[in-house]
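The values are calculated or read from the model by the stated rules, or taken from the named source; none is laboratory data. Being a predicted model, the structure only gives us computed values, none of them experimental. No Cβ is skipped: glycine too gets one built from the backbone with ideal geometry, and neighbour counts run over all protein chains shown. Note: areas computed on protein heavy atoms with side chains; ligands, DNA, RNA excluded. Shrake-Rupley method; radii C 1.70, N 1.55, O 1.52, S 1.80 Å.
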Amino acid sequence: SEVIHIGSVSTGMKTWRRTPQYWFDSRLYYYTKTHGAAYAALATLTAMCGGLIWRLRRLSPNQPQGDPPMFMRDFAVHSLRALLRRAPCKAGLEKSVLPAIHTATEDPK
């Protein structure tokens, strides 16, 4: 048997008008869970730098688009929101989850 891989066919990514929010969420979740927050931040920064270099290269004639419209803008906005959201979420998590765990483990009287 023979298998041929055709990139992004199963997801339809090449036909997206804009990259959906879940794509960015999934990417960030993967890097954070498997490699940690610092690695996720470094991977995001590296991807943004690479994207900027690609866009500069694309300024020459006959270069393909490559990404959905507004991809870099959406990527940057998502990354900044995730960075700003991280600190308040931890504080909110401690207040909302820890008391629930504490009360669930107490002996009923």
- Message: Can you give me the Rg/Rh ratio for the range 4-65, using Cα atoms for both radii and the Kirkwood formula for Rh?
- Response: 1.04
- Task: Would you please give the FRET efficiency between L56 and T34, computed as 1/(1 + (r/R0)^6) with r the Cβ-Cβ distance and R0 = 22 Å, to the nearest 0.05?
- Result: 0.10
- Query: Quick one: how many Å² of R27 are accessible to a 1.4 Å probe, rounded to 10?
  - Reply: 40
- If you roll a 1.4 Å probe over the range 4-87 with all protein chains in place, what percent of the accessible area is carbon or sulfur? 65
